1. Sort the following peptides by mean Cβ neighbour count (other Cβ atoms within 10 Å, averaged over residues), highest first: 139-149, 79-89.
2. Can you give the Rg to Rh ratio for the range 173-275, taking only C-alpha atoms and Rh from Kirkwood?
3. Just round it to a whole percent: the fraction of Cα-Cα distances in the range 237-331 exceeding 24 Å.
4. Given a cut-off of 29 Å, name the pairs among Lys192/Lys314; Lys97/Lys192; Lys144/Lys219; Lys152/Lys249 whose C-alpha atoms lie farther apart than that in the structure shown.
5. Calculate the FRET efficiency for Glu236 and Asp202 from the Cβ-Cβ distance with a Förster distance of 35 Å, rounded to the nearest 0.05.
6. Calculate how steeply helix 203-214 sits against the longest principal axis of the alpha-carbon atoms of the chain, using the helix alpha-carbon long axis, and give the answer as 0 to 90 degrees to the nearest 10.
7. Extension gain Trp141-Ile347, at 0.36 nm per residue separation less the Cα-Cα distance, in nm?
8. For the chain, report the accessible area per residue in Å² (1.4 Å probe, heavy atoms, rounded to an integer).
Amino acid sequence: MLSRREFIAKGTGTVVTMAAAAGTGLLAGCGNNIESHPPTVNSFHDLAGPRSLRAHARRHGLVYGSAVVIPVVEKNTDFDSLLSEQCGILVPSNELKWVALRPSRDEFNFGPPDSLYDFTQRNHMLMRGHTLCWHESVPGWIRKIDNKDEIKQIFVDHITNVCKHYAGKLQSWDVVNEAIDPAAKLPGGLRKSFWYDNLGPDYIDLAFHAARAADPNVKLTYNDYGVEGDNDGDAEKRRLILEMVKGMKSRGVPIDAVGIQSHLNAGQKYGQGVADYIEAFHQLGLEVYLTELDVNDDATVSNDVAERDAIIAKTYTEFLGAALPNPAVKLVLTWDISDRFTWLNGIGSHRKKQPNRSQRPLPFDVDFKPKDCFYALRDSFDRHKRA
Ligand code: XIL
């Protein structure tokens, strides 16, 4: 395994195009025959190349990838292989958030995300950035400043510096993450947050303008959760986000894409709501990314693993069946690729509620064995022919 220094030193610095990254070396031997469930899978390497999620996505005009926790990539050779075999794009889970990137006002901790960028280049993958503005990642040092003009200047400088650092290198940026919260009852459904309190509602436009000025070509994305289901709460959030995005477009704010986080729950209903939501953005000329797909199965009563995995896979199939037919959808990323690293099993995670049982939300299990939802994901890529 490479040390962090070697990891960085081996980088090529080459910028990979979307098509090249997703497809390089992986399409050889891909005929039209869909071989969904190979009879025996002794190791995850059996699913590399034309059998990978990466290749199946690519065949249908999509890029598949995963979030990663960078220290894990640096310590685990098998995991490196799993990522490079299966993914056409990676996103660092935490390392580009303010708290990780800005330990102090004067510091930018670019080392870890830069090493991930080099890893993506060596493996002909794309990388996306997450995130320039999120209410949950606000460092203590900035909270102590009580001058709003100064906070605004730091905000714009941060976005400018970070976007310039990666200019021309990333496929997309989550410029603003999770800015809508209907429960706050603020105008436009905006969330009450440090940024809202100090910069006012204009902080969202400001962030997108600063990002565009620093990197003219990266796809600028608004990303949010709680919009996936066929229920009233999700419908209201969809309405508010759509209104916000339409307002941004009418003001000439440079937004290119909308991210649907896709943290799903087994047993919930997914269908027309998300399909209509995606189509609304398609009509506006925007791209749509499924940015953080996983399935929480706390609501499943059975403890039988096979039964649970089947229900989880069904949730993937149902949701992707609604989302993927729309050609606006360009990226599908799971939030990690193996259950070994899922945030749902994170220490102290409030998202894991069932006692004495681990979550199994991702395509590969803790031993990197493919699960039902690996095949559900791959079959979904194959099933939905896109325009
Ligand atoms: C999560 C990470 O996965 C965790 O490791 C961290 O402790 C908290 O944040 N929506 C988002 C992501 O946009 O940034 C969150 O990531 C998961 C929910």
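The values are calculated or read from the model by the stated rules, or taken from the named source; none is laboratory data. Model, not experiment: these values are computed from the prediction. So basically every Cβ, Gly included, is an ideal-geometry build from the backbone, and we count neighbours across all protein chains shown. Note: accessible area is taken over every heavy atom of the protein model, side chains too, but ligands, DNA and RNA are not part of it. Shrake-Rupley method; radii C 1.70, N 1.55, O 1.52, S 1.80 Å.
1. Details: 139-149: 11.6, 79-89: 23.3.
Per-residue mean Cβ counts within 10 Å order the peptides as 79-89, 139-149.
2. On the way: Rg = 14.1 Å, Rh = 14.4 Å.
Rounded to two decimals, Rg/Rh equals 0.98.
3. Working: 1290 of 4465 pairs.
Above the 24 Å cut-off, the range 237-331 has 29 percent of its Cα pairs.
4. Numbers: Lys192/Lys314 35 Å; Lys97/Lys192 19 Å; Lys144/Lys219 32 Å; Lys152/Lys249 23 Å.
Over 29 Å apart, Cα to Cα: Lys192/Lys314; Lys144/Lys219.
5. Values: r = 23 Å, r/R0 = 0.66.
That pair, Glu236 with Asp202, gives E of 0.90.
6. The helix 203-214 is inclined about 80 degrees to the chain.
7. Details: separation 206, 0.36 × 206 = 74.16 nm, distance 2.54 nm.
Stretched fully, the Trp141-Ile347 segment lengthens by 71.6 nm.
8. Numbers: 15460 Å² over 387 residues.
Using a 1.4 Å probe on heavy atoms only, each residue of the chain averages 40 Å².
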